[in-house]
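Engineer: Got a structure for you, written out below as structure tokens; questions coming shortly.
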Amino acid sequence: MAYTTDIRTGTATRSLRDRATAFFADLGERRAKQQVYRTTVAELQSLTDRDLADLGLHRSEIRRVALEAAYGK
């Protein structure tokens, strides 16, 4: 018969306060990235096709560019 042991380190040793602080910091960071994404999409969608062509973009690339701006490659 085989036995396994599950030893968890890291989050188990952190206090509830530390975990809550990390959770809310992560939440704030995710919201900030979402805001960058939404703002970038809105600004690029407001441009004309000619303005987008001047930037070297096609309208179908707006989401990709916004994702890269907010979240990196």
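Coordinate-derived values only; no laboratory data. Every value quoted in this text rests on a predicted model; they were computed, and no experiment measured them. Heads up, the Cβs are rebuilt from the backbone with ideal geometry, glycines too, and the neighbour counts pull from every protein chain shown.
Engineer: Using only alpha carbon pairs under 8 Å that are at least six residues apart, calculate the relative contact order of the chain and give it in whole percent.
Structural biologist: Reported relative contact order: 32 percent.
Engineer: Sticking with this structure for a sec: If the elastic network links every pair of Cα atoms under 10 Å, which of A25, A53, A42 fluctuates the most in the Gaussian network model of the chain?
Structural biologist: A53
Engineer: Just to verify a number: FRET efficiency for Q34 and D6, C-beta to C-beta distance, R0 = 30 Å, to 0.05?
Structural biologist: Approximately 0.30, to the nearest 0.05.
Engineer: A further question follows. Can you tell me the length gained on complete extension of the stretch L67 to R50, counting 0.36 nm per residue apart and subtracting the Cα distance?
Structural biologist: 3.9 nm
Engineer: Report the full-extension gain for the segment R59 to D26: residue separation times 0.36 nm, less the Cα-Cα distance, to one decimal in nm.
Structural biologist: 8.7 nm
Engineer: Normalised radius of gyration for region 16-71, please: alpha carbon Rg relative to 2.2 N^0.38 Å, two decimal places.
Structural biologist: My calculation over the Cα atoms of region 16-71 gives 1.55.
Engineer: Mind pulling the angle between the C-alpha long axis of helix 62-71 and the longest principal axis of the chain? Nearest 10 degrees, somewhere in 0 to 90.
Structural biologist: Computed tilt is about 40 degrees.
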